[in-house]
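This report concerns only the one structure given below.
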Amino acid sequence: MSLYYNKDHHRGQRPTLSIVEDEPATTHALREDVPRSARTTVRRRAGRAHYDTETIDAILDEGLVAHVAFTSGGQPYTIPMLYARGSEEVYLHGRSGDVRGPSDAELEATEVVAMEIVEASAKIRSGPPVDAAEDYKLPVWAGELPLRLTADRPKPDRRCTVSIPSYVKRYGRASR
């Protein structure tokens, strides 16, 4: 995993963070099949595993919230964060490519983190629940509750004279 943060994102600079891991990170870029490692190889129900870039990207593009886990001083933390996928990275908070540049005070208070997607796996299941026969004798409901996040049409600020960018116009599951 390569992580970088960017207090000078609007200037195009990308200082690198040093990350200590139990297993060395790979350094090659994501291509047709996502490289597998001990961290990302699906073991339980391995037949549901997907390692291809198209599947991984589709899942990331559909989501909005990532649960980012890390340790600091031996203490584990998990933080839910909004994210967006670039071509081969995931941006966490504060990406400013299409907004005004941050002020000095905002730069001091905010960091932009981009994680290059080097390893990934997806475990996908579809269809109805697969329960044991004895479970159906219990007074417990089983089934699916489909959830959907749908983007409506963009509503520009009335005072803004900039056209709606194409990536905003095509945002949402139905357009993919």
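Testing residue 120 on (1) without any contact (Cβ under 8 Å) to a residue 60 or more places away in the chain; (2) in a loop (DSSP other than H, G, I, E, B), one condition comes back false. Which one is that?
Of everything listed in (1) without any contact (Cβ under 8 Å) to a residue 60 or more places away in the chain; (2) in a loop (DSSP other than H, G, I, E, B), residue 120 misses just condition (1).
Looking only at region 123-163, filter to residues that are touching a residue at least 24 places away in the same chain (Cβ under 8 Å) and among the β-branched types (Val, Ile, Thr); which one of those is farthest from residue 40 (Cα to Cα)?
My answer is 150.
Counting only residues that are outside any strand (DSSP E or B) and under 8 Å from the mean Cα position of the chain (by Cα), which one in region 62-80 is nearest to residue 124 (Cα to Cα)?
The qualifying residue nearest to residue 124 (Cα to Cα) is 63.
Quick one: is residue 32 over 21 Å from the mean Cα position of the chain (by Cα) and at pLDDT below 85?
When the stated conditions are applied, residue 32 does not pass them.
Only one of these conditions is not met by residue 129: (1) over 30 Å from residue 39 (Cα atoms); (2) modelled with pLDDT under 90. Which number is it?
With (1) over 30 Å from residue 39 (Cα atoms); (2) modelled with pLDDT under 90 applied to residue 129, the lone miss is (1).
If a residue has to be touching a helix residue (DSSP H, G or I) at 6+ places or on another chain (Cβ under 8 Å), modelled with pLDDT of 75 or more and of a type outside the set (Val, Ile, Thr) to count, how many in region 90-101 make the cut?
So the answer is 1.
Can you find a residue in region 44-61 that is modelled with pLDDT of 85 or more, exposed (fewer than 12 other Cβ atoms within 10 Å of the Cβ), among the small types (Gly, Ala, Ser) and more than 23 Å from residue 125 (Cα to Cα)?
Scanning region 44-61 turns up no residue that is modelled with pLDDT of 85 or more, exposed (fewer than 12 other Cβ atoms within 10 Å of the Cβ), among the small types (Gly, Ala, Ser) and more than 23 Å from residue 125 (Cα to Cα).
Would you confirm whether any residue within region 134-154 is touching a Phe, Trp or Tyr at 6+ places or on another chain (Cβ under 9 Å), at pLDDT below 85 and surrounded by 11 or more Cβ atoms within 10 Å (Cβ to Cβ)?
Of the residues in region 134-154, the ones touching a Phe, Trp or Tyr at 6+ places or on another chain (Cβ under 9 Å) are 142, 151, 154.
With at pLDDT below 85 added as a condition, the list becomes 151.
Restricting the remaining residues to those that are surrounded by 11 or more Cβ atoms within 10 Å (Cβ to Cβ) gives 151.
Yes - at least one qualifying residue is present in region 134-154.
The values are calculated or read from the model by the stated rules, or taken from the named source; none is laboratory data. Computed from a predicted model, the values in this text were never measured in an experiment. Cβ atoms come from the backbone with ideal geometry, glycine included; neighbour counts cover every protein chain shown.
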